[in-house]
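Written below as structure tokens is the structure these notes are about.
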Amino acid sequence: MKNELVLREEEWMKNNRFRDLIGLQIEDIGDGTATLSLAVQDQLLQGAGMVHGGVITTLIDSVIGSAVRSVMADHMVSLTAELNINFFRPATQGRIFAEGRVINRGKQLAVGVGDVKGENGKLLATGRATYVLKEITKK
Ligand SMILES: CC(C)(COP(=O)(O)OP(=O)(O)OC[C@H]1O[C@@H](n2cnc3c(N)ncnc32)[C@H](O)[C@@H]1OP(=O)(O)O)[C@@H](O)C(=O)NCCC(=O)NCCSC(=O)Cc1ccccc1
């Protein structure tokens, strides 16, 4: 059964069409942690047969963002202010998994880290991102 944080994140992300486009799935959300996954598909590959760096970047930003939202109030929104990634190994097949966690949650800024691993547990990429936390303002 899905926990409350997963249901909340699904509700938050229901209008995020880009995540749907690449097939991003929520595996688990905890208190300041998140796990997402993605099936490697032909349309996600770049010319040399590796998952496009933009997809890996999206996965890392998404998993850290999910971890940050798990420790954020409903009336807040998180916006990526900075993102840094190392691509260690190419992803070419199977399913890839992203694990994220918040390392510091301030009043206005939150910083988190995320790893992308293959089915064999090998580290493919790692990243760190900073988010600005803002109150949602109604128009
Ligand atoms: C080919 C290479 C980059 C380097 O491998 P090699 O030449 O075989 O190097 P070797 O393994 O011999 O290591 C030498 C030393 O360097 C270290 N080290 C190695 N790598 C890193 C690192 N990244 N960061 C930091 N350090 C690193 C390593 O530990 C070792 O250290 P040591 O000397 O022992 O102290 C490999 O890491 C790879 O395939 N990565 C995946 C690339 C991939 O899938 N990209 C996405 C698709 S492209 C795309 O779509 C573009 C795009 C992007 C973004 C947005 C939009 C578009």
### Message
Whole angstrom only: what separates the Cα centroid of region 96-139 from the Cα centroid of region 27-65?
### Response
12 Å
### Query
Rounded to the nearest whole Å², what accessible area per residue is found for region 4-135 with the 1.4 Å probe?
54 Å²
### Query
Which whole-Hz ³J(HN,Hα) couplings does region 111-124 yield from phi under the Karplus relation 6.51 cos²θ - 1.76 cosθ + 1.60, θ = phi - 60°, glycine and proline marked x?
10, x, 10, x, 10, 10, 10, x, 4, 7, x, 6, 6, 9
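Rounded to the nearest percent, how much of the accessible area of region 4-135 (1.4 Å probe, protein heavy atoms only) is carbon and sulfur?
Summing carbon and sulfur atoms, their accessible area is 48 percent of the total for region 4-135.
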### Summary
Summing -39500 (n - 2.57) over every DSSP H run of at least 4 residues in the chain and dividing by its residue count gives a helix-only mean residue ellipticity at 222 nm, to the nearest 500 deg cm²/dmol, of -7000 deg cm²/dmol
### Query
Label 7 Å along Cα→Cβ of R89; region 104-130 residues with amide nitrogen under 11 Å?
117-125
#### Entry: Sites matching trypsin sites (Lys or Arg not before Pro) across region 89-121 that sit in DSSP coil, with at most 14 neighbouring C-beta atoms within 10 Å
K107
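The values are calculated or read from the model by the stated rules, or taken from the named source; none is laboratory data. Keep in mind that what you see is a predicted model, and the values were worked out from it rather than measured. Don't worry about glycine lacking a Cβ; one is built from the backbone with ideal geometry, like all the others, and counts go over all protein chains shown. Just so you know, the surface numbers come from the protein's heavy atoms only, side chains and all, with ligands and any DNA or RNA stripped out. Shrake-Rupley method; radii C 1.70, N 1.55, O 1.52, S 1.80 Å.
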